[in-house]
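Please read the structure below before turning to the comments.
Bear in mind these aren't lab numbers, they're just calculated from the coordinates by the rules spelled out. Computed from a predicted model, the values in this text were never measured in an experiment. All Cβ positions, even for glycine, are placed from backbone atoms using ideal geometry, and neighbour counts span all protein chains on display.
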Amino acid sequence: LTGYVTLDIGYKNTGATKSAITFLDGEVGILKYRGYPIEQLAQKSSFLEVAYLLIYGELPTAEQIKNFQTQINHHTLVHEDMKKFFDGYPSNSHPMGQLTGLISSLSAFYPESLNSNQTAEEINLTIVKLLAKMTTIVSWIYKKSLGHPVIYPQNRFDYVTNFLYMTFGQRTEEVVIDPVVVEAMNVLLILHGDHEQNCSTSTVRIVGSSEANLYSSVTAGICALWGPLHGGANQAVIEMLEKIKADGGDTEKWINKAKDKNDPFRLMGFGHRVYKNFDPRAKIIKKACDDILEKLGIDDEVLSIAKQLEEVALKDPYFIERKLYPNVDFYSGIIYRALGFPTEMFTVLFALGRLPGWIAQWKEMKENKEPIGRPRQIYVGAVDRDYVDIDKR
Ligand code: SDX
C-alpha cells in the first residue's frame, strides 16, 4: 500500500465532503436546511419553497418562487413514449422498481442532460425537468397500482396540490383536494428534503463525481434509498406495526425480540447513525399524526401501538444504552396511510421529498469541482499464487 489507509467500514466517522446545504447535530437533535431550523420550515414554508432553498441556497422572493413554479409547470408532462415501457410494468410490481426505471430513462428522452459541461442555465433546465416530471411519474405509478387511467397535470395548481390532483383525481369527476391533505403532504415532503451525507445522498454524490448525468445519479440514490435500513424503513414500520397488531398488540414481546441478538428482528423506525437523541423530524411527525388523523376523522389502531412501542422502548436499558430513538420513518407511514397511500408507495414518497436534497448535493459537488470518488481498502485476501491448470485442481 502506498501511504496508509484508515479503515472506516460504513463511513461511520468519515467526512466525505464539505457542504453548505444541511446541518445536523445528532447529539442534541438539530436539523437545519441552509441555516433555517427544520421546525420553522415545517411550520411556515411550502415544499417548493424549501426545494428552492436547498437547491439555490436562499429563500426565494415572491417573484422568484412564482417563476420557479411557472418553469416547473412547463415541464410536468412526461414524453408520451415513456408510457410505452411504463405500461409494460406488472401492475403489482414494486413502485420503487418502476421509479428507478422511469427516472433513469429521462436521460434517454432528454439527451441534453448527458452533456457533462452543461452551462448553469442548462443544468437548471435539467433540474426543473426532474422536479416537474417526478410528481407526474409518482402519480402514474400510484394510478397503475389501482389499474386506473393516469391524470394529466393542471397548471392552475401549485406543486404539491398538482401532485395530489394527479394522484387522487379521477377522470370521471372533479375531485376537490382537501387542504388538510395538502398541508400534511407539504410538511412530510419538507421533513424529507435533505439529510446531509446519508446513504442515498452519498450515492448520488459519488455517482455524480464520475460526471454521470443528474438523472442517472438520482436513479442511483433511489436504488440506495429502497433498502429497509434506509428509506425502505417507512414501509417496514407499518408492516411491523400491522404484524404486532395481528399478534394481539403485545409490545413487550416485540421489544424483547428486537433486543434478542439471536433474532434478526429489529424495531423498524428506531435508531439512527447520526441521531443519538430524538430525530427532530420524528417529533414533528408524531405531533402531526394526532392532528391530521383527528382532522380527517381517522382512528388508526397502529398509531396507539406505535406510541406504546416508543414508550416501552424509551424506558428500556437496551435502547437507552444504545441511544436508540424513533427516527423519521417511525410515524411517517401512519400519516401517508391516513392520506390514502398504500404501504408500497411510502418509499416512493420519501424519494419525492428527498429529490431536492439529492439535486442540491449533486449541484454542489459539481460546482465545487470535486474529484471522482474512489475509496481505498485494506486487502485481506490470498497473497501470491500461481495459476493451476484445470486438470490439476
Ligand atoms: C433513514 O443516515 C440518514 O440520515 C438516514 C435518514 C435520512 O433522512 O436519510 O435519516 C433516513 O434511513 C432512517 C433510518 C431508517 N432505518 C430504520 O429504521 C431501520 C432500523 N434501524 C437500524 O437498522 C439502525 O438503527 C440504523 C441502520 C438506522 C443505524 O444503524 P447503525 O448506525 O449501523 O447502528 P448499528 O446497526 O451498529 O446499531 C448499534 C447497536 C447494535 O447493537 P450492538 O451490536 O451494539 O449490541 O444498536 C442496535 C444494533 O443491534 N440497534 C437496534 C436497532 N438499531 C440499532 N436494535 C434493535 N432495533 C433497532 N432498530
Residue within region 25-36 that is away from the ligand (no atom under 16 Å from the Cβ) and surrounded by 13 or more Cβ atoms within 10 Å (Cβ to Cβ) present: yes
Determine whether GLY231 is within 16 Å of the ligand (Cβ to nearest atom), surrounded by fewer than 19 Cβ atoms within 10 Å (Cβ to Cβ) and assigned to a loop (DSSP other than H, G, I, E, B). no
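Out of everything in region 240-257 that is crowded, with 16+ Cβ neighbours inside 10 Å and either in a loop (DSSP other than H, G, I, E, B) or touching a residue at least 40 places away in the same chain (Cβ under 8 Å) (or both), what residue ends up being farthest from the ligand (Cβ to nearest atom)? Before the answer, list the steps.
Going residue by residue through region 240-257, those that are crowded, with 16+ Cβ neighbours inside 10 Å are 240-241, 244, 249, 251, 254-255.
Filter once more, so that each one left must be either in a loop (DSSP other than H, G, I, E, B) or touching a residue at least 40 places away in the same chain (Cβ under 8 Å) (or both): 241, 244, 249, 251, 254-255.
Details: LEU241: 13, ILE244: 14, GLY249: 19, THR251: 13, TRP254: 10, ILE255: 9 Å.
Here the residue is GLY249.
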Of the residues in region 258-284 that are within 10 Å of the ligand (Cβ to nearest atom) and outside any loop (DSSP other than H, G, I, E, B), the one that is farthest from GLU301 (Cα to Cα) is LYS259
Only one of (1) without any contact (Cβ under 8 Å) to a residue 60 or more places away in the chain; (2) surrounded by fewer than 19 Cβ atoms within 10 Å (Cβ to Cβ) is not met by LEU102, so which one is it? (2)
Between residues in region 276-289 that are in contact (Cβ under 8 Å) with a residue 12 or more places away in the chain and residues that are away from the ligand (no atom under 13 Å from the Cβ) and not aliphatic (A, V, I, L, M), which pairs lie under 7 Å by C-beta distance while being six or more apart or on different chains? LYS276/GLU27; ASN277/GLU27; PRO280/GLU39; ILE284/GLU39
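Tell me the residue from PRO342, PRO326, PRO375 that is out of contact with any Lys or Arg (no Cβ under 8 Å at 6 or more places or on another chain) and more than 22 Å from GLY169 (Cβ to Cβ), please. Walk me through how you get there before you give the answer.
Values: PRO342 fails: more than 22 Å from GLY169 (Cβ to Cβ); PRO326 fails: out of contact with any Lys or Arg (no Cβ under 8 Å at 6 or more places or on another chain).
Residue meeting the stated conditions: PRO375.
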Please work out if GLU27 is part of a loop (DSSP other than H, G, I, E, B) and out of contact with any Phe, Trp or Tyr (no Cβ under 9 Å at 6 or more places or on another chain). no
Of PHE85, PHE68, which residue is surrounded by 18 or more Cβ atoms within 10 Å (Cβ to Cβ), in a helix (DSSP H, G or I), touching a helix residue (DSSP H, G or I) at 6+ places or on another chain (Cβ under 9 Å) and of a type in the set (Phe, Trp, Tyr)? PHE68
Checking LEU77 against (1) surrounded by fewer than 13 Cβ atoms within 10 Å (Cβ to Cβ); (2) under 30 Å from PRO111 (Cα atoms); (3) within 16 Å of the ligand (Cβ to nearest atom); (4) among the aliphatic types (A, V, I, L, M), the condition it does not meet: (3)
Taking the options GLU321, GLU310, name whichever one is out of contact with any Asp or Glu (no Cβ under 6 Å at 6 or more places or on another chain), surrounded by fewer than 20 Cβ atoms within 10 Å (Cβ to Cβ) and closer than 21 Å to LEU229 by Cβ. GLU321
State whether one or more residues within region 358-377 are within 12 Å of the ligand (Cβ to nearest atom), under 24 Å from the mean Cα position of the chain (by Cα) and buried (at least 22 other Cβ atoms within 10 Å of the Cβ). yes
If SER107 meets every condition in (1) crowded, with 22+ Cβ neighbours inside 10 Å; (2) touching a Leu at 6+ places or on another chain (Cβ under 9 Å); (3) not acidic (Asp, Glu) apart from one, which number is that one? (1)
